[in-house]
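In what follows, a structure is listed as structure tokens, so that the remarks can point back to it.
The values are calculated or read from the model by the stated rules, or taken from the named source; none is laboratory data. All of these numbers come straight from a predicted model, not from anything done at the bench. A quick note on method: Cβ atoms are made from the backbone with ideal geometry, for glycine too, and the neighbour counts reach across all protein chains shown. Just so you know, the surface numbers come from the protein's heavy atoms only, side chains and all, with ligands and any DNA or RNA stripped out. Shrake-Rupley method; radii C 1.70, N 1.55, O 1.52, S 1.80 Å.
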Amino acid sequence: MKKKWSVKKKIVVTLLSVIAAFLLVVIVYVLYVFGTYHRIKDKQPIEINSLNATEGSKVKTGVEYTAGTYNVGFGAYTPDYSFFMDGGKSSWAKSKESVESDIQGAGELVASKDPDFALIQEVDLNSTRSYHVDEYSILKDTIPSYNTGF
């Protein structure tokens, strides 16, 4: 003769099954994140692409230089963009065209300021968040007179 499960036992088994399924999903996700994470190595040598390097273009002591810094925000930061880590809603740029336009504009702004050194942050090469736009190439084309390191 088959025993019938009590209502309490069914609730406990169902609850434990839901918790086990949730834990399984969390464990699989954590394994996926750690398994696909890629970190750039520390202390890599930076190759300088010297397009205009001459003996006179070397940095000298006793000379005053100007420097400009620009965080291009992976080409997504239009005036109405709301980044999720700043309390907003988005983690991707609006569109590929928007990224291309924003990076082009960033390069033009740097060129208009004409600093001796331009340090540009959050430049993507092949990233999902910026629709796989090679932002480095756009900047090199927009500011061709600068030597670069990436």
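Being within 19 Å of Ile143 (Cα to Cα) and either under 21 Å from the mean Cα position of the chain (by Cα) or loosely packed, with under 11 Cβ neighbours inside 10 Å (or both) is the requirement here; does Gln121 meet it?
In short, yes.
Within the range 124-138, can you find the residues that are open to solvent by 50 Å² or more (accessible area, probe 1.4 Å) and either of a type in the set (Gly, Ala, Ser) or assigned to a loop (DSSP other than H, G, I, E, B) (or both)?
Residues satisfying the conditions are Leu125, Asn126, Tyr131, His132, Asp134.
I want to confirm something. Restricting to the range 99-118 and keeping residues that are small (Gly, Ala, Ser) and surrounded by 12 or more Cβ atoms within 10 Å (Cβ to Cβ), which single residue is farthest from Ile138 (Cα to Cα)?
To start, the set of residues in the range 99-118 that are small (Gly, Ala, Ser) comprises 101, 105-107, 111-112, 118.
Then keep just the ones that are surrounded by 12 or more Cβ atoms within 10 Å (Cβ to Cβ); that gives 101, 105-107, 111, 118.
On the way: Ser101: 10, Gly105: 10, Ala106: 10, Gly107: 8, Ala111: 13, Ala118: 15 Å.
Among residues in the range 99-118 that are small (Gly, Ala, Ser) and surrounded by 12 or more Cβ atoms within 10 Å (Cβ to Cβ), the one farthest from Ile138 (Cα to Cα) is Ala118.
Looking only at residues that are under 25 Å from Tyr136 (Cβ atoms) and loosely packed, with under 12 Cβ neighbours inside 10 Å in the range 74-90, which one is farthest from the chain's Cα centre (by Cα)? Lay out the reasoning, then the answer.
At the first step, the residues of the range 74-90 found to be under 25 Å from Tyr136 (Cβ atoms) are 74-79, 81, 83-86, 90.
Filter once more, keeping what is loosely packed, with under 12 Cβ neighbours inside 10 Å: 79, 84-86.
Values: Pro79: 18, Phe84: 13, Met85: 13, Asp86: 15 Å.
Only one residue fits best here, namely Pro79.
Which members of the range 119-150 meet the condition of being touching a strand residue (DSSP E or B) at 6+ places or on another chain (Cβ under 7 Å) and of a type in the set (D, E, K, R)?
Passing the criteria: Glu122, Lys140.
Could you list, ordered by first residue, the pairs with Cβ atoms under 9 Å in which the first is in the range 65-88 and over 19 Å from Gly105 (Cα atoms) and the second is part of a strand (DSSP E or B) and among the aromatic types (Phe, Trp, Tyr), at least 6 apart or interchain?
Correct list of pairs: Tyr65/Phe117; Thr66/Phe117.
Kindly indicate whether Val63 is exposed (fewer than 10 other Cβ atoms within 10 Å of the Cβ) and either in contact with a strand residue (DSSP E or B) (Cβ under 6 Å, 6 or more places away or on another chain) or modelled with pLDDT of 90 or more (or both). Give the steps one after another, and end with the answer.
Working: exposed (fewer than 10 other Cβ atoms within 10 Å of the Cβ): yes; either in contact with a strand residue (DSSP E or B) (Cβ under 6 Å, 6 or more places away or on another chain) or modelled with pLDDT of 90 or more (or both): yes.
Yes; evaluated as a whole, the condition is true for this residue.
Quick check on Lys96: is it within 18 Å of Arg129 (Cβ to Cβ), open to solvent by 100 Å² or more (accessible area, probe 1.4 Å) and out of contact with any Lys or Arg (no Cβ under 8 Å at 6 or more places or on another chain)?
Here the answer is no, as Lys96 does not meet what is asked.
Considering each of Val63, Val110 in turn, give the residue that is outside any loop (DSSP other than H, G, I, E, B) and β-branched (Val, Ile, Thr).
Unique residue meeting the criteria: Val110.
Just to check your reading of the model, which residue among Ile40, Ile11 is open to solvent by 100 Å² or more (accessible area, probe 1.4 Å), at pLDDT below 85 and of a type outside the set (Phe, Trp, Tyr)?
Of the residues listed, the single one that is open to solvent by 100 Å² or more (accessible area, probe 1.4 Å), at pLDDT below 85 and of a type outside the set (Phe, Trp, Tyr) is Ile40.
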